[in-house]
Amino acid sequence: MKLNRSEISKIVSGKILQNEPMSRHTTFRIGGPCDFYIEVKTINELQQLIKLCIKKKIPYHIIGFGSNILVKDKGISGVVIRLTGDLSNLNFNLQNKSAVAGGGCALQLFVKRCADNSLSGAESLVGIPGTVGGAVIMNAGTKEGYIGSLIKSVTVMNAKGEIKRIGKKSLKFSYKSSNIPPKNIIISAEFLLKKKSISDIIKNLNKLMQYRVKTQPFGFYNAGCIFKNPVGDYAARLIDQTGLKGASVGGAVVSKLHANFINNAANATAEDVLKLIKKIQKKVKEKFNKNLELEIKVVG
């Protein structure tokens, strides 16, 4: 069964785009069209849209700012949903030193507003693109700290459209992953933070951001780190040691600054990136007998 624009517009007040190129909605600037790109503004809109997709057996995908995905050149079959409006709200309880952020809230807005409110803990997330929802699902972070350590609870919508709160005791966060079921959508997350002076927080943020700019290829279209770090090692070190810094396939290039980044340097296709990924994995396996596991998600 097919969706049509008129039935979507009856339940959704946000943007509805048909045959929309996903290259406009990913930080890689790569990806073919999706059948529908839809921005929902409320829990009710999201519930109704999910129920409609289930009823019509239409696949759906939730994306934030498209910062950790590679969409294939043929695009995505079905519906791509972005959380906006009420689902991107950010509220603070300064007395409890806590914050509640919607799944669609920009991660960097969360970091900035924590600093503005003299609340510390989120500094390690500075410079990481994407939304709070995506960051929670994959336990985003750096060696300075991960988002999972700040979370008190998450509110999710399951595949049936039901809302459920998951407390800290039931949540498990590990390196770049969580135990939140894949089909669950992060509606919001509650964070516990610590009181600290704004000047100290900003000093730390500046220091961490300067390090990111020095060591990571800002200003290029990419999806962040391509591979997870193997236990006890770093993917970037292994790739560097194979001599693949600067290696390219089509318009996709291994960053000369940080070998675990692939830049879209010249109108790269998803196929270019996938071929370069396989080349890297093959070389690292041959030289070190280690398997590099993808950190990014390939969609489509």
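The values are calculated or read from the model by the stated rules, or taken from the named source; none is laboratory data. Note that the structure is predicted; figures quoted are calculated from it, not measured. Quick reminder, even Gly has a Cβ in these numbers, built from the backbone with ideal geometry, and neighbours come from all protein chains shown.
Scanning segment 182-207 for residues that are touching a strand residue (DSSP E or B) at 6+ places or on another chain (Cβ under 8 Å) and part of a loop (DSSP other than H, G, I, E, B), we see that the one that is nearest to V111 (Cα to Cα) is L193.
Here G145 fulfils each of the conditions (1) more than 19 Å from F65 (Cα to Cα); (2) surrounded by 23 or more Cβ atoms within 10 Å (Cβ to Cβ) apart from (2).
When restricted to residues that are surrounded by 22 or more Cβ atoms within 10 Å (Cβ to Cβ) and either within 22 Å of A270 (Cβ to Cβ) or acidic (D, E) (or both), segment 237-257 contains 4.
Being closer than 24 Å to T26 by Cβ and either among the small types (G, A, S) or not in a helix (DSSP H, G or I) (or both): is that true of G161 here? Criteria not met by G161.
Taking segment 73-97 as the range and being part of a loop (DSSP other than H, G, I, E, B) and within 24 Å of R5 (Cβ to Cβ) as the test, the residues that pass are K74, G75, T84. What single numbered condition from (1) at pLDDT 95 or above; (2) at positive phi fails to hold for K195? The single condition K195 does not satisfy is (2). Against the condition modelled with pLDDT of 95 or more, out of contact with any Ser or Thr (no Cβ under 6 Å at 6 or more places or on another chain), outside the structural domain of A101 (by TED's automatic domain parsing) and of a type outside the set (S, T, Y), how does N68 come out, does it pass? Judged against the criteria, N68 is not a match. Among the residues of segment 22-69, those that are crowded, with 24+ Cβ neighbours inside 10 Å and part of a strand (DSSP E or B) comprise C34, F36, I38, V40, I63, I69. In the set C105, C114, only one residue is in contact with an Asp or Glu (Cβ under 9 Å, 6 or more places away or on another chain) and surrounded by 23 or more Cβ atoms within 10 Å (Cβ to Cβ); that residue is C114. Of all the criteria given as (1) among the small types (G, A, S); (2) within 15 Å of L107 (Cβ to Cβ); (3) over 18 Å from the mean Cα position of the chain (by Cα), the one not satisfied by G145 is (3). When the criteria are applied in full, I54 fails the requirement of being at pLDDT below 95, under 30 Å from C225 (Cβ atoms) and hydrophobic (A, V, I, L, M, F, W, C). From the set of residues in segment 192-217 that are surrounded by 14 or more Cβ atoms within 10 Å (Cβ to Cβ) and without any contact (Cβ under 8 Å) to a residue 60 or more places away in the chain, which is farthest from G130 (Cα to Cα)? Going through the qualifying residues, I end up with Y211. Checking V154, V126 one by one, the residue that is touching a residue at least 12 places away in the same chain (Cβ under 8 Å) and closer than 21 Å to N44 by Cβ is V154 and no other. Tell me yes or no: at least one residue of segment 70-88 is out of contact with any Lys or Arg (no Cβ under 8 Å at 6 or more places or on another chain), within 18 Å of I151 (Cβ to Cβ) and among the small types (G, A, S). Scanning segment 70-88 turns up at least one residue that is out of contact with any Lys or Arg (no Cβ under 8 Å at 6 or more places or on another chain), within 18 Å of I151 (Cβ to Cβ) and among the small types (G, A, S).
Annotation note: of I137, I128, the sole residue that is under 21 Å from P181 (Cα atoms) and assigned by TED's automatic domain parsing to the domain that holds R165 is I137.
Any chance you could count how many residues in segment 202-234 are of a type in the set (G, A, S) and either in contact with a Gly (Cβ under 9 Å, 6 or more places away or on another chain) or modelled with pLDDT of 95 or more (or both)? Final tally of qualifying residues: 2.
Say whether the condition of being within 18 Å of L83 (Cβ to Cβ) and in contact with a helix residue (DSSP H, G or I) (Cβ under 8 Å, 6 or more places away or on another chain) is met by at least one residue in segment 138-150. Looking through segment 138-150, at least one residue is within 18 Å of L83 (Cβ to Cβ) and in contact with a helix residue (DSSP H, G or I) (Cβ under 8 Å, 6 or more places away or on another chain).
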